[in-house]
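The values are calculated or read from the model by the stated rules, or taken from the named source; none is laboratory data. Here the structure is a predicted model, which is why all the values come from computation and not from measurement. Using ideal geometry, Cβ is built from the backbone for each residue, glycine included, and neighbour counts are taken over all protein chains shown.
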């Protein structure tokens, strides 16, 4: 392996320092002696439970809806496919607050869809736990779709054709051939989707609000705690940091496969 050119080392080291420096500061300035007490406080436990509930719900919903969409995008050429792909991935670059406003206009009490929920089902999504899960699904599902589509594209279609020749139905081939071969990409997509949902802030606070016990997830609790209890904010931030590291570890094998 050749040596790295000197002209690239300085900006590369600066890039690493820009990322690692704030994380190191978080670890060095953490009140480790107070950490156990902060993590078992009612605020932390309530926010952690709500974050897990909403993020897991969002991931399950994204998996149920996003996997078929990714399969269609990967295997079928239909009119407007590129537009659909662009629209589906738009939340990845869209400011989360804008996503929250869009959700309000769509699912609010006077929204395009929300008014029918209100009139027909007596159901309101904004400022509820279900609304928080929906906001997290909106911002996190594109990560699953992108990873899953890439996984489906990597599956050798000749294996599916061989299964069809042997008499397997299309559904059987999908379940027993395609999905197992695409499973590593699906697992990576699930991990990314869950981690993104767990850390969501902007769309959640805009669409679901910040109500303790109902919509106040960990990121929102960090934001509130930072104003009056910095130690609690740091402790909750460490929880999110640990989750992010766990997601990276879970994705390590997937990255090594594609490296």
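Descriptive notes on the structure:
- Whichever residue in the range 147-167 is in a loop (DSSP other than H, G, I, E, B) and out of contact with any helix residue (DSSP H, G or I) (no Cβ under 7 Å at 6 or more places or on another chain) and, among such residues, is surrounded by the most Cβ atoms within 10 Å (Cβ to Cβ): 156
- Residues in the range 71-97 that are surrounded by 14 or more Cβ atoms within 10 Å (Cβ to Cβ) and outside any helix (DSSP H, G or I): 94 only.
- Cβ-Cβ distances below 8 Å connect the following pairs, each with a first residue in the range 126-148 that is under 14 Å from residue 191 (Cβ atoms), a second residue that is not in a helix (DSSP H, G or I), and a separation of six or more residues or different chains: 140/200.
- Residue that is more than 27 Å from residue 53 (Cα to Cα) and without any contact (Cβ under 8 Å) to a residue 60 or more places away in the chain, where the choices are 155, 113, 93, 88: 155
- Number of the condition not met by residue 120 [criteria: (1) modelled with pLDDT under 80; (2) part of a helix (DSSP H, G or I); (3) in contact with a helix residue (DSSP H, G or I) (Cβ under 9 Å, 6 or more places away or on another chain)]: (3)
- Among all positions in the range 33-50, there is no residue which is outside any helix (DSSP H, G or I), over 22 Å from residue 230 (Cα atoms) and in contact with a helix residue (DSSP H, G or I) (Cβ under 8 Å, 6 or more places away or on another chain).
- For the range 1-60, a residue qualifies if it is farther than 16 Å from residue 222 by Cα and under 21 Å from the mean Cα position of the chain (by Cα), and the qualifying residues are 19, 53, 54, 55, 56, 57, 58, 59, 60.
- Selection status of residue 139, closer than 18 Å to residue 215 by Cα, in contact with a helix residue (DSSP H, G or I) (Cβ under 8 Å, 6 or more places away or on another chain), at pLDDT 90 or above and not in a loop (DSSP other than H, G, I, E, B): yes
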